[in-house]
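This report concerns only the one structure given below.
The values are calculated or read from the model by the stated rules, or taken from the named source; none is laboratory data. Only a predicted model underlies this, so the values are computations on that prediction, with no experimental measurement involved. Every residue, glycine among them, receives a Cβ derived from its backbone with ideal geometry; neighbour counts consider all protein chains shown. Remember, those area values only see protein heavy atoms, side chains included, never the ligands or the DNA or RNA. Shrake-Rupley method; radii C 1.70, N 1.55, O 1.52, S 1.80 Å.
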Amino acid sequence: MDKVVSPANRWAWVEVNLAALRRNTTAFRRQLTRGTQLMCVVKADAYGHGAVPCVKTMHSAGASQFAVATVDEGVALREAGIEWPILVLSEPPVDCVRTLVQHDLMPSVYTADFALALGEAAAAENRVARYHLAIDTGMTRIGVRRQDVVELRRTIDFHRGLECAGTFTHFATADVPDDWDFALQLNRFREAVAALKGAGLETGLVHCDNTPGTVLHPECHFDMCRVGIGLYGLHPADTTRVRIELEPVMSVRGRVTRVIYPSVGDGVGYGFTWRVPKQNIQVATVPIGYADGLSRELSNQMDVIVDGCRCRQVGNICMDQFMFAVDVNSARAYRPSRPVEYGDVVTVIGTDGNERITAEEMAQLRGTINYEIVCDFGMRLEKIYT
């Protein structure tokens with residue numbers, strides 16, 4: 001790990017493997033029913049991986065459309081030169097309709113007032129605003145109620161400034177095999193789409209499958225699938241692991257900025273929650289903390305990898321730093337082959353030698369999901385693309 005490139009200004013970084021991202025995107029493309037488009041979800045800065053480089057890589061691997069969570073995320077992609085279709089996965093505040101039109105962003109629509117304001121903003125510039133109709137089939141988060149879809153469309157379809165480019169819903173339990181709630185949501189969505197078509201209304205691209213749905217439910221790929229977490233090499237559930245092989249895209253690493261042999265009984269970190277138990281213990285510092293996404297909940301609970309061996313993190317994790325311990329005289333197999341030195345590479349998430357720490361391992365320790373782990377690390381740490 002000594003040849004790893006690290007930032008000049010701070011010895012802490014996220015590595016993003018674009019080759020793995022490309023392979024994951026290709027793997028999902030191969031899952032799709034013939035003629036089905038791939039929409040890649042790149043919200044939250046591509047789940048912490050960096051949206052612009054990820055979008056370019058995904059498009060080169062066959063993605064045709066992209067989805068974000070906020071208007072600002074969409075604007076940032078446009079300003080970076082991304083020209084492919086972008087969907088905002090919610091109905092934003094009505095005050096932003098001009099921004100949507102000016103940057104050719106497709107919002108989700110489920111209220112008449114917002115849709116008509118969007119149409120007016122588009123007509124004022126002699127343009128047509130494309131949108132996707134969001135239908136609530138039972139998740140109770142966003143969308144027009146399924147029984148109201150035809151009425152909403154009839155209320156807004158007269159407007160020359162509007163065009164329905166898609167119709168979608170979102171599943172709550174697509175990762176659960178033979179799930180009754182999933183079947184109910186799918187049936188409700190099919191009924192709503194059929195009602196729209198029966199009323200002579202354009203649906204645009206019909207889509208409902210998320211990452212687990214794309215893998216486990218090819219019967220409802222329809223016109224497009226929206227894939228998110230799986231693109232980054234993380235499984236949304238154990239049920240998808242046997243159906244598609246994915247490679248983690250993110251690694252989190254730092255370098256040792258200080259290493260000492262403290263005295264027996266010395267405390268480490270705020271509150272002295274760990275004390276040196278015997279002689280010949282090294283305590284090393286790495287400049288990654290909870291402001292970088294390394295949750296304070298992990299204090300004295302997690303491992304890191306140094307020189308291909310696991311070492312225990314010790315003391316409370318600080319805002320910008322954490323410490324770990326090495327028993328230099330230990331005969332245990334996971335002891336590094338040599339004492340830790342200033343500048344050594346430390347892996348927080350990723351692979352070093354035969355050892356690997358995954359986002360799932362860290363998520364289990366925190367009582368959360370792998371989505372949150374990678375999003376958190378993407379907030380402040382510099383990204384290095386490989």
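Between the alpha-carbon centres of region 204-271 and region 149-196 there is a gap of 28 Å. Counting pairwise Cα distances across region 239-386, what percent come out greater than 20 angstrom? Percent of Cα pairs beyond 20 Å in region 239-386: 47.
If you take the charge dipole of the chain about its Cα centre, with +1 on Lys and Arg Cβ and -1 on Asp and Glu Cβ, which of ALA359, MET106, PHE66 is farthest toward its positive end? Among ALA359, MET106, PHE66, the one farthest towards the positive end of the dipole of the chain is ALA359.
Can you give the helix-only mean residue ellipticity at 222 nm for the chain, where every DSSP H stretch with n ≥ 4 adds -39500 (n - 2.57) and the sum goes over all residues, rounded to the nearest 500 deg cm²/dmol? Please list the in-between numbers first.
Values: 11 runs with 106 residues, N = 386.
Rounded to the nearest 500, it is -8000 deg cm²/dmol.
When every alpha-carbon pair in region 52-188 is counted, what percent end up more than 17 Å apart? Taking all Cα-Cα pairs of region 52-188, the fraction more than 17 Å apart is 61 percent. Quote the charge dipole size of region 125-283 about the Cα centre in Debye, to the nearest 20; the model charges only the Cβ of Lys and Arg (+1) and of Asp and Glu (-1). Taking the Cα centre of region 125-283 as origin, the dipole is about 720 debye. Axis angle, to the nearest 10 degrees, between helix 18-31 and the longest C-alpha principal axis of the chain: 40 degrees.
Order these peptides, 206-218, 272-284, by their mean beta-carbon neighbour count within 10 angstrom, highest first. Walk me through the numbers on the way to the answer.
Numbers: 206-218: 24.1, 272-284: 16.0.
Put in order of decreasing packing, that is 206-218, 272-284.
Average accessible surface for the chain: 44 Å² per residue, computed with a 1.4 Å probe over protein heavy atoms with every protein chain in place.
Compute the semi-axes of the equivalent ellipsoid of the chain, taking the square root of 5 times each eigenvalue of the Cα gyration tensor, and list them largest first in whole Å. Write down the numbers at each step before the final one.
Values: eigenvalues 440, 88, 64 Å².
Semi-axes (√(5λ), whole Å): 47, 21, 18.
Using the Cβ-Cβ distance between SER60 and ILE260 with R0 = 35 Å, the FRET efficiency computed as 1/(1 + (r/R0)^6) comes to roughly 0.15.
Rounded to a whole number, what % of the accessible area of the chain do carbon and sulfur atoms account for, probe 1.4 Å?
Values: 8160 of 17030 Å².
Solvent-exposed carbon and sulfur of the chain make up 48 percent of the total.
So for the chain, if I pair up every lysine 8 or more residues apart or on another chain, how many of those pairs have alpha-carbons under 22 Å apart?
Numbers: LYS3/LYS383; LYS43/LYS56; LYS43/LYS383; LYS56/LYS383.
Here the count comes out as 4.
Between the helical axis of 112-124 and the longest alpha-carbon principal axis of the chain there is an angle of about 80 degrees.
Can you give me the relative contact order of region 218-311 as a percent, contacts being Cα pairs under 8 Å and 6 or more apart?
Details: 81 pairs, mean separation 16.7, N = 94.
Relative contact order here is 18 percent.
With angles folded into 0 to 90 degrees, how steeply does helix 51-60 sit against the dominant principal axis of the chain? Use alpha carbons for both and round to 10. Helix 51-60 sits roughly 70 degrees off the main axis of the chain.
Placing +1 on the Cβ of every Lys and Arg and -1 on the Cβ of every Asp and Glu, with no other charges, gives the chain a dipole of roughly 720 debye about its Cα centre.
Working note: Debye formula, equal point scatterers on the alpha-carbon atoms of region 41-113, no solvent; log10 I(q)/I(0) at q = 0.20, 0.24, 0.27 Å⁻¹ is -0.77, -1.06, -1.29. Sorting the Cα pairs of region 1-46 by distance into bins of 10 Å, from 0 upward, gives 19, 36, 25, 14, 6 percent per bin.
The GluC sites (Glu not before Pro) of region 2-110 meeting both criteria, a DSSP state outside H, G, I, E and B (loop) and at most 12 other C-beta atoms within 10 angstrom of the site's C-beta, are GLU83. By DSSP, the beta bridges lying fully in the chain are antiparallel in about 50 percent of cases.
Close amide H contacts of LEU294 (hydrogens built in the peptide plane, cut-off under 5 Å, sequence separation of 5 or more or a different chain): GLY289.
Take 304-313, 91-100 and order them by the average number of nearby Cβ atoms within 10 Å per residue, most first; the result is 304-313, 91-100.
Taking Cα pairs under 8 Å and at least six residues apart, what relative contact order does the chain come out at, in percent? Write out the running numbers ahead of the final one.
Values: 860 pairs, mean separation 70.6, N = 386.
Relative contact order for the chain comes out at 18 percent.
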